[in-house]
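The values are calculated or read from the model by the stated rules, or taken from the named source; none is laboratory data. The structure presented is a predicted model; accordingly, all values stated were derived computationally and were not measured. No Cβ is skipped: glycine too gets one built from the backbone with ideal geometry, and neighbour counts run over all protein chains shown. Heads up: the accessible areas ignore ligands, DNA and RNA and are worked out on the full protein's heavy atoms, side chains in. Shrake-Rupley method; radii C 1.70, N 1.55, O 1.52, S 1.80 Å.
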Amino acid sequence: MTDLAPHVITNPRLGSWVSVAGSGDGALVEVRVGKAELGQGIATTLAQLAADALALSLDRIRMVAPHTGLGPDQGLTAGSLSVLQTGPALAHVGGVVRALAGPTSPVEEYVARIAALDPALDLTTVAPLAPGGAVAVGRSEPRLDLPDKVLGRPRFLADLRPEGLLHGRVLRPPSVGAVLRAVPDGWTLRDGLSLASSGIEAKVMLVRDGSFVGVVGEREADVDRALEQLRADAEWDELDLLPDPDDLPRWLRSGAHEEVPVLEEDGAPGPGPGVVEASYSRPFLAHASIAPSAGLAVWTDGGVHVSSHSQGIHGLRDAIAATLDLDPVTVVVEHVENAGCYGHNAADDAAFDAVLLARAVPGRPVLLRWTRPDELTWGPLAPAMTATLRARLDGGRITGWSHDVWSTGHSARPGYAGHPGLLAGAHLAEPFPLPPSTDPPPAAGGGTTRNAVPAYDVGPRRVVGHRKTDSPLRTSAMRALGAHLNVFAIESFMDELAESAGVDPVAFRLDHLTDPRARHVVAEAARLAGWDDEPPEDTGRGVAYARYKDRGAHCAIVADVEVTDAVVVRRLVVVADVGRVVNPDGARNQLEGGATQATSWTLKERMGFDARRLLGTDWEAYPVLRFSEAPEVTVHLVDSDAPSTGAGEAAQGPTSAAIANAVQRALGVRVRDLPLTHDAVVRAIDAIGG
Amino acid sequence: MTGFEVNGTRVEVGGDPDTPLLTVLRDDLGLVGTRFGCGQGLCGACNVVLDGAVVPSCQTPVWQAEGRSVTTVEGLSADGTPHPVQSAILDRQAAQCGFCISGIVVRAAALLDEEPTADAARVAEALDGNLCRCGAHRRIVDAVLAAREPTA
């Protein structure tokens, strides 16, 4: 059989995907995918695809959470690939189910026949029926998960309250590389708290392995107080390992690197006369999810059961097993929702913390929650990056292009570079090191070099990444990965070149774009934003475009930015071509959210640190966009029959560049280093004046 | 023991009176709709109404609630009918991950009680103590505006 969906080939068992719960009128078809609800609404979108594939109404479908023991292994929920990878798989599963259990009406009898199918059936051995019509697909179905969240019902991981629950906290080191010297001899808790050396009869139990220290107890209030006492009394040996936060571009270009060659075409420009050159940068960023990470684990003789909000439960399972020398079959991980996930955050680390604490109290479930300061500073950071771009201009045309980008690695996910990669593993008495972060492979879009190749017709090109391999800070994937800085750089540079050429920025882009879908979104964004009209007073208008990962969504954005005391983004007009749209409102919500979050990155965000410690430990030290600062965002989706792409990572790079381009047009000042704070704008003005 | 009213029901809880109200709500009273976001009173995810004032329950020791009345997100739909702010948020799909939304619902409902004709700028200003990381800000503001009483 040809053209089988790859995720059906790797997960051929029918029962991994579909089962039936209940009977008769109330019977529901349960669909278990390997893609997790991360706050992006994917469970609803995939339910729509499943409903049409199975020829059932949406209310006959119940989506159940990813589970390493029961459901398919679809790798990570990442890279805007969930619809692309799961759509064909569900189409095949549904086609097989209809072939074997049809006719599809009356529905009760159809569902009963589905219930009677052999869960062990090999899906690759049955020819599926051709897809039926789109009934659920293409509609703005409301999110299945939102009623619980809006009405305040239990839904999130930290809301789980299994019988016998214990609460856990971990004392993280105060800085990178710190080693626990001592919890002083005879250390005891104070103020009515008592410490148990074993068992949990006393209020709080201390769990220690090397520099990993945690507390477990019956009452959350007690473990919180115990953690504070432990923090006050623990002594650490600390090191000054961190670079100068005010000179990250130079630090990124120094030290050890691994080269990531992308393109090397004859005649691409190097530095020299007649070559336009500019450099851009962004600082380290935090994921800054609204919930601290959490994990729930129960350790029993038979193995360990883990509830986690990980993006990749199978990789997490294997990493836990590798770190503790367990048979992976004895480690079960199921996904439970937590607050919004924008990449490789602390979810996996928190799950492993829960396992380490649960191991000390066998048979009792332990709910581990990180603190807010740890969430901001101990979760993997998004890499700092810098890029230098060069181009030759001949009249109004670009006739050669080069792009060098320096970054720390964009992947430290569990299993990266052959290492489990779980944070607490590095703190154990027999530690598992956390080697330098890597990048996803080029086939997955790369990391440092993601979107480093311009979409434009620019003559001979040279594109090279330089991944820094000696960073003390752990960095990993955050939304759009390297595409954020690379697109910011390319699209800022396009405006600089347009200005040099004396050509309007929209016209200049259209002059260098041949792909009709690209040209359409740029022209449409300009039209809808009134590009040719005079913007309001004190307001600059900027444009930017990118196609995410060179093969995903096309997205053009026009930003209206008012610059007075501060940079205020008034409006973003987003035009996106995401192929066939499964859930229009869901896609719009993802693009709005992506653009708004990127506005926060662009205007406000920067992880601060001194030589030793990260300083962005709360929402005052790591500020994010607030309601009165959020721009109006209008999203227009292009009608398209092209294959569906993701929408959640298309807007970040174009948003940052469109804002910077608008600032330039408002003030006549080019700010090339993010974030575009008041101080950064003043510095850029001073640089011109001086 | 500390005695107070939660969503119209009288409750008594033991334990340390300095325990945050948030912990008591979630662990002792099973009201997990009030979320823990930061524990520092800076994100608004744990907002509740205490005798008419919106407070972060993570920074409110339970002794402060003694003899007073607390309304949580669950209390806004206690009669089975969602509060107009909740209905409007669902109608407009004005959330992404939804972790921040309990505290936003509580804050916005209190705002519309006090200022039934609040405009967009006022709603946004009132929500500046609530953080949303997914970028649903403008949808949320629009939903709160839609939840206002229709004007004559």
Exercise. For the stretch B:62-81, what are the residues that are more than 12 Å from B:ASN47 (Cβ to Cβ), crowded, with 17+ Cβ neighbours inside 10 Å and in contact with a strand residue (DSSP E or B) (Cβ under 6 Å, 6 or more places away or on another chain)?
Worked result: B:VAL62, B:ALA65
For this session: Answer with yes or no whether A:ARG282 is closer than 30 Å to A:ASP610 by Cβ, free of Cβ contacts under 8 Å to residues at least 60 places away in the same chain and either in contact with a strand residue (DSSP E or B) (Cβ under 7 Å, 6 or more places away or on another chain) or outside the structural domain of A:TRP619 (by TED's automatic domain parsing) (or both).
Result: no
Exercise. Taking strands (runs of 3 or more DSSP E) that fall entirely within the stretch A:199-293, which contain at least 3 residues that are farther than 30 Å from A:ILE398 by Cβ and away from every other protein chain (no Cβ under 14 Å)?
Worked result: A:204-209, A:212-217, A:235-237
Problem set entry | Total residues in the stretch A:561-580, condition open to solvent by 10 Å² or more (accessible area, probe 1.4 Å) and either within 14 Å of chain B (Cβ to nearest Cβ) or touching a Lys or Arg at 6+ places or on another chain (Cβ under 9 Å) (or both) | 4
For this session: State which residue is nearest to the chain's Cα centre (by Cα) when the search covers only the stretch A:324-370 and only residues that are within 14 Å of another protein chain (Cβ to nearest Cβ) and polar (S, T, N, Q).
Result: A:ASN345
Exercise. Got a sec? Which of B:LEU50, B:LEU22, B:LEU76 is within 9 Å of chain A (Cβ to nearest Cβ) and at pLDDT 95 or above?
Worked result: B:LEU76
For this session: Sort through B:GLY44, B:GLY98, B:GLY33, B:GLY15 and tell me the only one that's touching a residue at least 12 places away in the same chain (Cβ under 8 Å), closer than 28 Å to B:CYS134 by Cα and either facing chain A (nearest Cβ under 8 Å) or among the hydroxyl-bearing types (Ser, Thr, Tyr) (or both).
Result: B:GLY33
For this session: Consider A:GLU629 carefully, then state whether it is crowded, with 24+ Cβ neighbours inside 10 Å, within 14 Å of chain B (Cβ to nearest Cβ), in contact (Cβ under 8 Å) with a residue 12 or more places away in the chain and at negative phi.
Result: no
Exercise. Do we have A:GLY530 as part of a strand (DSSP E or B), more than 14 Å from chain B (Cβ to nearest Cβ) and farther than 27 Å from A:GLU141 by Cα here?
Worked result: no
Seminar exercise, completed: Within the stretch A:281-311, the count of residues that are closer than 11 Å to A:ALA351 by Cβ and either basic (Lys, Arg) or buried (at least 24 other Cβ atoms within 10 Å of the Cβ) (or both) comes to 10
Exercise. Which of the following residues is at the interface with another protein chain (Cβ under 7 Å from one of its Cβ atoms), in contact with a helix residue (DSSP H, G or I) (Cβ under 7 Å, 6 or more places away or on another chain) and assigned to a helix (DSSP H, G or I): B:ALA143, B:ALA124?
Worked result: B:ALA124
For this session: Could you please let me know if A:SER500 is open to solvent by less than 10 Å² (accessible area, probe 1.4 Å) and in a helix (DSSP H, G or I)?
Result: no
For this session: Only one of these is outside the structural domain of A:ASP550 (by TED's automatic domain parsing), under 24 Å from A:ALA101 (Cα atoms) and in contact (Cβ under 8 Å) with a residue 24 or more places away in the chain: A:GLN48, A:GLN40, A:GLN74. Name it.
Result: A:GLN48
Exercise. If you scan the stretch A:329-371, which residues turn out to be open to solvent by 20 Å² or more (accessible area, probe 1.4 Å), out of contact with any His (no Cβ under 9 Å at 6 or more places or on another chain) and not hydrophobic (A, V, I, L, M, F, W, C)?
Worked result: A:THR330, A:ARG359, A:PRO362, A:GLY363, A:ARG364, A:THR371
For this session: Could you tell me which residue of the stretch A:112-154 is nearest to A:VAL97 (Cα to Cα), considering only residues that are among the charged types (D, E, K, R) and either free of Cβ contacts under 8 Å to residues at least 12 places away in the same chain or not in a loop (DSSP other than H, G, I, E, B) (or both)?
Result: A:ARG113
Seminar exercise, completed: Among (1) surrounded by 14 or more Cβ atoms within 10 Å (Cβ to Cβ); (2) over 21 Å from A:LEU497 (Cβ atoms), A:ALA278 falls short only on (2)
Exercise. Can you find a residue in the stretch A:536-552 that is under 22 Å from the mean Cα position of the chain (by Cα), charged (D, E, K, R) and in a helix (DSSP H, G or I)?
Worked result: yes
Exercise. Does the stretch A:143-180 hold any residues that are open to solvent by less than 30 Å² (accessible area, probe 1.4 Å), within 13 Å of another protein chain (Cβ to nearest Cβ) and hydrophobic (A, V, I, L, M, F, W, C), and which are they?
Worked result: A:LEU146, A:VAL150, A:LEU151, A:PHE156, A:LEU157, A:ALA158, A:LEU165, A:LEU166
For this session: Kindly list the number of the only condition in (1) touching a residue at least 24 places away in the same chain (Cβ under 8 Å); (2) in contact with a strand residue (DSSP E or B) (Cβ under 9 Å, 6 or more places away or on another chain); (3) more than 27 Å from A:GLU620 (Cβ to Cβ) that fails for B:VAL85.
Result: (2)
Problem set entry | Qualifying position, being at pLDDT 90 or above, within 18 Å of B:GLY15 (Cα to Cα), in contact with a Leu (Cβ under 8 Å, 6 or more places away or on another chain) and of a type in the set (A, V, I, L, M, F, W, C), among A:ALA234, A:ALA226, A:ALA202 | A:ALA226
Exercise. Out of B:ALA136, B:ALA109, B:ALA118, which single residue is more than 23 Å from A:ALA291 (Cα to Cα) and either facing chain A (nearest Cβ under 8 Å) or open to solvent by less than 10 Å² (accessible area, probe 1.4 Å) (or both)?
Worked result: B:ALA118
